[in-house]
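Visitor: Provided herewith is a single structure, encoded as structure tokens, for subsequent inquiry.
The values are calculated or read from the model by the stated rules, or taken from the named source; none is laboratory data. This is a predicted model, so every value here is computed, not measured. Glycine gets a Cβ as well: all are built from the backbone with ideal geometry, and neighbour counts include every protein chain shown. Note: accessible area is taken over every heavy atom of the protein model, side chains too, but ligands, DNA and RNA are not part of it. Shrake-Rupley method; radii C 1.70, N 1.55, O 1.52, S 1.80 Å.
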Amino acid sequence: MASIPFHNLTGEECFYLAELAKDANRYEDSITFLEHFVTSCAIQGKDVWADEAKLMADVYSTVHNSLLEFRKVILATEMQAEEDGEDNDHVLAARRYRKKIEREITILCERFQRADETLTQNRDLPLDLLPLRPCRPSQPASRLPR
């Protein structure tokens with residue numbers, strides 16, 4: 001992702017860019033924009049709209065499921081290589097790659113937990129129980145998908 005000066009972006013702009021990144025299947029970028037959006041909401045003491053919470057859940061879920069699928073494929077390949085008595089270097093390479101994916105899963109979960117904690121820092125409710133506003137009244141034309 002190109003370096004973007006987030007301090008010059010509003011929360012609204014970060015959310016828009018998160019949506020745009022998701023639409024372009026750039027989920028890591030979307031997560032980064034959402035993290036800045038969440039921070040902006042927390043600083044301003046704003047509640048999160050239901051569609052904003054849904055985007056967060058969708059993006060994190062998509063990346064998490066993708067990483068779990070990668071891990072599953074790599075683990076199966078690793079186990080098959082061991083059963084077939086393949087070159088130990090191949091098994092070790094697959095194992096290192098699986099551990100890398102597992103670290104990415106852990107980091108992703110930590111990022112989501114930090115976002116959740118940021119949104120709920122002054123509340124006793126988890127993200128899924130926050131009093132979310134049901135939907136945006138009417139989105140300006142600039143926010144509508146083209």
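Visitor: For segment 59-70, how many residues are open to solvent by 50 Å² or more (accessible area, probe 1.4 Å) and closer than 16 Å to Asp116 by Cβ?
Guide: 2
Visitor: Look through segment 36-52, keep the residues that are part of a helix (DSSP H, G or I), open to solvent by 50 Å² or more (accessible area, probe 1.4 Å) and not polar (S, T, N, Q), and return whichever of them is modelled with the highest pLDDT.
Guide: Ranking the candidates gives His36 first.
Visitor: Based on this model, can you work out whether Glu78 counts as open to solvent by 80 Å² or more (accessible area, probe 1.4 Å) and not aliphatic (A, V, I, L, M)?
Guide: no
Visitor: Taking the condition in contact with a Phe, Trp or Tyr (Cβ under 6 Å, 6 or more places away or on another chain), at pLDDT 90 or above and either crowded, with 19+ Cβ neighbours inside 10 Å or not β-branched (Val, Ile, Thr) (or both), does Ala18 pass?
Guide: yes
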